[in-house]
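Student: Let me give you the structure first, and then I'll get to my questions.
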Amino acid sequence: MLAMTAFVSTGCGGKDDDPAPGAKKMNMKVTISVTGAEADDNMYWQISAANLDATHYGAPVWKVNGVTQGNTHIVELDETKFTGNTKTYVMETVKAFHTGSLNFDYTNLGAPMTISYKVELDGKTVTNVQNKVIPAGGKDNQNLTYKPE
């Protein structure tokens, strides 16, 4: 009886797997489309996801256009990604995370280009910019962060 009591009291205790009690996680999907980009344009997109602990390191975090990426929590895209045949990239987390971000910076140095980007958390659209025309000389930079609702 004493051995059984010791097992029950130590077997059910232990470390909580959640780094912050009650911290919610989310799945994130980011879709970016750029048409009209040229090699001379200056463009940088960074999409990231992380947990409150370090469990996002050393494991795949993202799928890009359906292909699971290596052990990285950040996806980076520059103007060269949009000057070829692929004009749209869809990044999706492979599991739920505590936080995510979309950061971008661009300067259009050539002909007008069109940019669209959408961020979905658990299937709900939270950011949606569609068909924004960027004239020659147009620029923008944003740092958007996301947490589960």
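The values are calculated or read from the model by the stated rules, or taken from the named source; none is laboratory data. Quick caveat: nothing in here was measured; it's all calculated off a predicted structure. Virtual Cβ from ideal backbone geometry, glycine too; neighbours counted across all protein chains shown.
Student: Specify which of the listed residues (T5, T35) is at pLDDT 95 or above and over 23 Å from H73 (Cα atoms). Quick ask: steps written out before the conclusion?
Tutor: On the way: T5 fails: at pLDDT 95 or above.
Matching residue, one of T5, T35: T35.
Student: Quick check on my filter: what residues within region 14-32 are modelled with pLDDT of 55 or more and either under 21 Å from the mean Cα position of the chain (by Cα) or within 22 Å of V94 (Cβ to Cβ) (or both)? Full working, then the answer.
Tutor: Initial filter on region 14-32 (modelled with pLDDT of 55 or more): 20-32.
Within region 14-32, A20, A23, K24, K25, M26, N27, M28, K29, V30, T31, I32 qualify.
Student: Right, something else. Considering only region 28-57, how many residues are part of a loop (DSSP other than H, G, I, E, B), surrounded by fewer than 17 Cβ atoms within 10 Å (Cβ to Cβ) and either touching a residue at least 60 places away in the same chain (Cβ under 8 Å) or out of contact with any helix residue (DSSP H, G or I) (no Cβ under 9 Å at 6 or more places or on another chain) (or both)? I'd like the intermediate steps shown before the answer.
Tutor: Filtering region 28-57 for residues part of a loop (DSSP other than H, G, I, E, B) gives 36-41, 51-57.
Adding the requirement that they be surrounded by fewer than 17 Cβ atoms within 10 Å (Cβ to Cβ) leaves 38-40, 52-55, 57.
Those still in the list that are either touching a residue at least 60 places away in the same chain (Cβ under 8 Å) or out of contact with any helix residue (DSSP H, G or I) (no Cβ under 9 Å at 6 or more places or on another chain) (or both) too: 38, 40, 52-55, 57.
Of the residues in region 28-57, 7 are part of a loop (DSSP other than H, G, I, E, B), surrounded by fewer than 17 Cβ atoms within 10 Å (Cβ to Cβ) and either touching a residue at least 60 places away in the same chain (Cβ under 8 Å) or out of contact with any helix residue (DSSP H, G or I) (no Cβ under 9 Å at 6 or more places or on another chain) (or both).
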